[in-house]
Structure formats: C-alpha cells, structure tokens
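Since every read-out is calculated from the coordinates, none of them should be taken as a lab result. Because the structure is predicted, anything quoted here is derived from the model rather than measured. With ideal geometry, Cβ positions are generated from the backbone for all residues, glycine too; neighbour counts draw on all protein chains shown.
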Amino acid sequence: MATTLKHRTLSGALLEEIRQAILSGHYSAGSQLRQDALAEAYGVSRIPIREALFHLEAEGLVRIVPQKGAVVSELSQAEIDDVFELRALLEPRLFRRSAPLLSSADFQQLEEIQATYVGAIRGGEINRYGQLNAQLHVALYQRANLPRTQQIVASLLQTSDRYTRVQLSSADAMKRAMEEHAELIRLSRGGDFEVAAQLLEAHLVAVKTDLLAVLKGQN
C-alpha cells in the first residue's frame, strides 16, 4: 500500500511539473517530449513519465505520434471551437443550478478568488491566470449537484488553462475578464440569476472570439 501511494504521489507530481512546463511555454508547441530525456531531467524511471504523458494526451496538451512519441500540441481553431462551445453549453447549466444555493461563505470565497485573480493579472503573474480563472468558475458551480457535468467542466477548464494565458495577452481582454467576473458575482449576490447566466454565456463566447483572433494573428 505504501509503495502504491508513493508511486501515485510521484506520478501526480511529475504530471503537474510537465503540465506547468507546457503551459508556461517551457516546452513550446511542436516540441518532442522524449521519455528518456524527461526521465533523466526529473531523476525518475520512464514508467511514471509514460503515465504522465498519456494523461497529458487525454488533456489535449500532447499528441502521441507513431515513431516520434509525445509532441506538445499546437493551439488549434478546432480545439478552441470544441472546448469553448462545450463550455458555453454546460457552464450556464451548472450556474443556474448552483447560484441560488450559494451561501454567504461561498460568496466570500468567490470574492477572495476574484481579488487574487485581479492581483495576479495586475502583477503579470501569467502562470496563475488559468488556475485562478478555473477556481472562480468552479466556485460558482459548486452547489449544482451535477457531478458528471461538473467533472466534464473541470476537465474543460484544465484544457482551457493554456488558452486563458493566450487570451489574456491584451490589456482589453484582461480588463474585460476582471469586470465580467466581478459582475457575475454581483448579479449572483443580488439574485439576478438569469441575467448572470446570460452574461456567463456571452463571456465564454467572447473568450472564444478573442482566442480565434489571436490564433489568426499568429498565422
């Protein structure tokens, strides 16, 4: 049991290390992630590295290519469409179920996350954008009691981390993100749940539009 737990802890730590290295741009899109090189860099065997890479493939951060191994996925219009259209469908549903049940303590938690998020943006802490964005969205939906949908959305938010960093590359996008998150919290506190749900959907559509514009500018 102890050996199994140690292995799981190591695998989880490696997964997070490699994930953050990809999200931060340390491993750029198109880079080949060789198992032997990663094993040497992290001082482990190839087994936990292989497990981490398979997990990252499921998240969409890498592609396993025959004869080449793991390659860091490139930003793609197809994935942006898929991820953000799914989010725009599922997250308002979660929000409508959760928002009326949010407590005073829940709103305090939301305000704290929002304050940290604003501070990270103003401080240029790019590595925290996606994580804090995901925390805020999850906190909004925490009372939904729709575990399967919540699990799917949590996975989509993790995939969105990389895109959130790209989308928040302009001052206008940062300003809008801070303002819209604050307005979602304010409307929810005031019981304007349907207006807030509509704003949430518009917010996600706007993020998708921003990302496609950035992607187009890179090509």
Handout entry: FRET efficiency, Glu85 to Arg148 (Cβ-Cβ, R0 22 Å, nearest 0.05)
Key = 0.75
Problem - In nm, spacing of pseudo-spin labels at Glu201 and Arg34 (7 Å Cα→C-beta vector) - result: 5.0
Problem - Nearest-20 debye value, the chain charge dipole, Cβ charges on Lys, Arg, Asp, Glu - result: 400
Exercise for the section: Would you mind counting up the charge near Leu199? Only other residues with Cβ under 13 Å from its Cβ, with Lys and Arg at +1 and Asp and Glu at -1. Expected result: -4
Practice task
Report ³J(HN,Hα) in whole Hz for each residue of region 86-96, in order, from the Karplus equation J = 6.51 cos²θ - 1.76 cosθ + 1.60 where θ = phi - 60°; Gly and Pro get x.
Solution key: 5, 4, 5, 7, 8, 5, x, 5, 4, 4, 4
Completion exercise
Karplus-derived 3J(HN,Hα) from phi for region 175-188 (6.51 cos²θ - 1.76 cosθ + 1.60, θ = phi - 60°), whole Hz, x at Gly and Pro, runs 4, 5, 4, 4, 5, 6, 5, 4, 5, 4, 5, 4, 5, 5
Exercise for the section: Counting other beta carbons within 10 Å of each Cβ, put Ile126, Ile80 in order, fewest first. Expected result: Ile126, Ile80
Fill in the blank from the handout: The ³J(HN,Hα) series, computed from each phi in region 191-196 with the Karplus coefficients 6.51, -1.76 and 1.60 at θ = phi - 60°, rounded to the nearest Hz and given as x for glycine or proline, is x, 8, 5, 5, 4, 5
Fill in the blank from the handout: The convex hull of the Cα atoms of the chain, divided by residue count, gives a volume in Å³ per residue of 142
Exercise for the section: Fewest Cβ neighbours within 10 Å first, please rank Asp161, Asp81, Asp106, Asp36 accordingly. Expected result: Asp36, Asp81, Asp106, Asp161
Handout entry: Gaussian network model of the chain, Cα within-10 Å springs - most flexible of Lys68, Lys175, Lys208
Key = Lys68
Exercise for the section: Apply 1/(1 + (r/R0)^6) to the Cβ-Cβ distance of Leu75 and Gln20, taking R0 = 22 Å, and write down the FRET efficiency to the nearest 0.05. Expected result: 0.80
